[in-house]
Structure formats: structure tokens, C-alpha cells
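Here is the structure we will look at, set down as C-alpha cells.
The values are calculated or read from the model by the stated rules, or taken from the named source; none is laboratory data. All of these numbers come straight from a predicted model, not from anything done at the bench. Positions of Cβ are generated from backbone atoms using ideal geometry, with glycine treated the same way; all protein chains shown enter the neighbour counts. Ligands, DNA and RNA are stripped out before the accessible areas are found, and what is left, the full protein with its side chains, is counted by its heavy atoms. Shrake-Rupley method; radii C 1.70, N 1.55, O 1.52, S 1.80 Å.
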Amino acid sequence: VWLVPVAMFTAMLLAFNAWQAMRHEDRTVMGETIAILGLTLTAPTAYYVCRGEWGSSALLLWALCILYFTSSVFYVKLRVHSLNHRREELRKRSWRRCALYHLFLITALVLLAITRSTNVFVLMAFGPVLARAFWLLAKPAKQASLKQVGVLEIIYSAVFLLFVTIGVRGL
């Protein structure tokens, strides 16, 4: 029964994202975040289907996925903008946004740990993306293979999936 409201909410997010695409605003931070909100709804929905009930763990799972995948948005934007030396202001803005987001991410993870809303496995799931972001912030890349960046993002996502799965089972 509760899959219907989730499907309706997902459809609304999809429609909004399609509207943004028609206006060429889908590749903005906001546009990509809206897409992430919709795509990551699969996590709490799968939780609901497997457990047969909604719980705080389902919402926590959704929040963790949103936090994780939004990290990639800021990282990839900084990676791409770092390559265009003619648009220094854009690179600086991307650097600030990436740094602020990852500081926010660390703060959120610390708060989850302090309130015991999560465990060490879930915190470890974010290790690779935090390390890669702060490495790029400290030492900007002079060149990038977007294929290599994509493959690494897939590997980081697999690590995230593994550790979050172990972590959520322990909650």
C-alpha cells in the first residue's frame, strides 16, 4: 500500500527533473540533487519491501544515500572545472562548494555517530569518498580521465553499498 505514495513522489521528482532538463538546468547542483532524491528512493523502498514496514532505518538509509551520492556531484564538478584554466572563478566556486559540502558531510556523520544513529561500518562507507574529495581539494588535478573518474566512482559506490549493507543490518 505504501509503495503508491513513494511512486507518486518519485514521479513528481522525475517530472520536475524533466522540466529542468528542458530548461537546461538539469546539470546544476540543484538539478542533480533532485535526481539523486528520486534515484535513492530505491533504498528505503527496498527496505520496505524486504521488511514489510517503514522504519526509521529506512529513512536513515535514504539520508545516507543522499549524502553519499551528493558528494559525487560536488567532486565531479570540481574535477571538471579544475581542467578549464580559462574559467578560474568557476573553479574557485566549485572548490568552495566541494569543501563546504564535505565539511557538512563530516559534521552530519559525526552527529550520527554521537547520537548512535549509526555504527562504524556506515561511517567507514564514506571513507573513500571523503579521502578522494579532500585529496583533490588539497592537490588539484592538472588533468583527468573522465573514464577513470567514472570507474573509480563505481568502485566507491560498491564499497559504500557493502559497508552500508553490513552497517544497517547491525542497527
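Summary of values
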quantity: Charge sum, other residues only, whose C-beta stays under 14 Å from PRO44's C-beta, Lys/Arg counted +1 and Asp/Glu -1; calculated: 0
quantity: Surface share of carbon and sulfur [accessible, 1.4 angstrom probe, percent] for the chain; calculated: 70 percent
quantity: The chain - mean residue ellipticity at 222 nm from DSSP helices (-39,500 (n - 2.57) per run, n ≥ 4, rounded to 500); calculated: -26500 deg cm²/dmol
quantity: Where labels lie 7 Å past Cα in the beta-carbon direction, separation of ALA99 and ARG87 in nm; calculated: 2.0 nm
quantity: FRET efficiency for HIS24 and ILE114, using Cβ-Cβ distance with R0 set to 41 Å, rounded to 0.05; calculated: 0.50
quantity: Mean accessible surface per residue for the chain, computed with a 1.4 Å probe while every protein chain stays in place, in Å²; calculated: 61 Å²
quantity: Distance (nanometres) between label positions extended 7 Å along Cα→Cβ at GLN143 and ALA7; calculated: 5.0 nm
quantity: Acute angle (nearest 10 degrees) that the helix 29-39 long axis makes with the longest principal axis of the chain, alpha-carbon atoms; calculated: 30 degrees
quantity: Crossing angle, helix 127-138 versus the chain [Cα axis fit, 0-90 degrees, rounded to tens]; calculated: 20 degrees
quantity: Evaluated over the chain, the Cα radius of gyration and Dmax, each in Å; calculated: 17.1, 54
quantity: Cα long-axis angle, helix 56-81 against the chain (0 to 90 degrees, to the nearest 10); calculated: 10 degrees
quantity: Distance from the stretch 130-171 to the stretch 70-108 (C-alpha centre basis), Å; calculated: 15 Å
quantity: Where labels lie 7 Å past Cα in the beta-carbon direction, separation of GLU53 and VAL159 in nm; calculated: 3.6 nm
quantity: Integer Hz, Karplus 6.51/-1.76/1.60 couplings in order for the stretch 47-52, x for Gly and Pro; calculated: 4, 4, 5, 6, 8, x
quantity: Candidates per GluC sites (Glu not before Pro) in the stretch 1-82, loop by DSSP, up to 12 other Cβ within 10 Å; calculated: GLU53
